[in-house]
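See below for the structure under consideration.
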Amino acid sequence: MPRTLLDDLFTTARDPLPRHTYLGRLPHAHIGLLAVAMGIYHANDYVEGTQPAPVYLPLLLVLQPAAAVLALFRPLPAWWLSAIALFLTAEAVDTRIGHDVVWPRSVAAIAPHTLVLLLLALRVHPRIAVEALVITALAEAVSLSLASGAHNQVLARGLVAFATAVVVGASLRYGRVARTRLVVQEVLTAEERSRRTLLEERNRIARELHDVVAHHMSVISIQAQVARHLVTDPSEELTENLAGIRRNAVEALTELRRVLGVLRSEDALPERTRHAPQPTLDRLDELVRNVRAAGSSVVTETTGTRRALSPGVELSAFRIVQEALSNTMRHAPGAAVRVEIGHRPDGLIVRVTNTAPDGPAPPSPGVGHGLPGMRERAAMLGGELATGPLPGGGWEVTALLPAEAPKPAEAPKPAVTPAEDLS
């Protein structure tokens with residue numbers, strides 16, 4: 001117990017009273033003015049009732065309101081200052097106070113110490129506030145035991161005020177701490193929800209890319225196996241290199257299925273849907289027809305000369321358009337949609353815009369995967385994605401996806417050994 005009391009009460013740590021959400025520092029100024037008023041009342045009370053007054057009594061009377069001001073920044077030192085000043089004041093006027101003056105704590109002395117206890121309970125643990133209350137009560141009991149004569153002794157009045165201050169302060173502190181924890185928990189929950197949404201979308205992208213890469217690795221393996229039959233009397237080096245290409249392709253495909261294939265077990269889609277070919281821009285018209293059938297007005301425009309794109313770019317472009325259209329139907333009912341596909345030598349531009357909705361959108365349950373998924377797909381390919389509102393209440397989604405790497409015929413490759421080529 002002594003160690004606990006020492007750790008709880010004997011500290012000078014700075015603990016300023018927080019700013020009010022709406023009033024700012026105005027409550028601090030009010031407390032300062034209240035402390036000055038109580039100090040004046042306290043001084044007048046004892047000057048009139050104490051004859052003759054000790055020379056050091058004015059200093060003790062000034063320490064009471066000073067402790068209330070100090071409690072705004074250092075509540076525990078302020079409580080010690082107020083408690084010691086109260087005790088010394090009672091002892092100083094013991095033999096000089098009149099019989100009609102309340103002793104050992106007058107109303108003028110109870111008020112500032114009550115304010116100090118309230119400010120203390122607002123900042124410290126309730127256990128510490130109760131310890132301070134008990135020590136204050138013991139100090140009053142000691143003052144009564146040291147009394148030199150009969151006084152107008154009222155002990156319960158001060159204890160009731162002090163206990164009320166501790167209870168009210170501890171309750172307000174508990175409410176503030178609970179609100180703070182709730183805000184922190186809401187922030188953590190929102191961050192966790194966003195992180196989970198991002199991970200789910202990455203898993204979805206990984207499943208789709210698994211299908212694309214697995215298909216091409218299988219083609220490489222088959223082509224390497226067939227290539228040696230297309231050459232008359234193939235050399236031993238060629239046969240060995242083709243066998244190595246096929247062996248490496250099979251091993252890479254096996255590792256790919258081992259790492260990413262497990263994601264299929266978490267997919268709740270039907271078997272036929274899970275193994276369907278991944279969509280490309282060739283199915284854009286089909287997607288637009290389905291959206292139009294749902295009641296939305298969609299206009300498409302394709303510019304530039306279409307060129308062969310990598311499966312990843314085709315898949316990502318289709319998914320970005322699909323997610324953008326889904327978001328439009330969900331959040332902008334009745335809006336007119338425009339889908340623009342621009343083929344450029346250095347990449348592909350996908351732009352989906354919609355006008356303002358005809359009415360308020362229905363509430364959307366949970367967190368969507370649209371925007372995180374589109375950003376992930378663009379970033380995965382080294383592209384860029386921009387989203388934002390348009391003048392008039394519309395919305396725009398624009399993605400710039402880089403084109404596939406130049407083919408060897410267009411950009412000569414440096415000479416490498418077969419081992420370096422396979423790596």
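Which of rounded, prolate, oblate describes the stretch 276-317, given a ≥ b ≥ c as roots of the alpha-carbon gyration tensor eigenvalues and a/c under 1.5 marking rounded, otherwise prolate only if a/b is larger than b/c? Note, shape of the stretch 276-317 comes out oblate.
With the simple model of a label 7 Å out from the Cα in the direction of the Cβ, Ala379 to Ser171 spans 4.9 nm. With a Förster radius of 35 Å applied to the beta-carbon distance between Asn44 and Val183, the computed FRET efficiency rounds to 0.15.
Extending 7 Å from Cα along the Cβ direction at Ala356 and again at Ala141 yields two label points whose distance is 7.4 nm.
No lab work stands behind these numbers, since they all come straight from the coordinates. The structure displayed is predicted, hence computed values, not measured ones. Every residue, glycine as well, gets a Cβ built from its backbone with ideal geometry; the counts of neighbours run over all protein chains shown.
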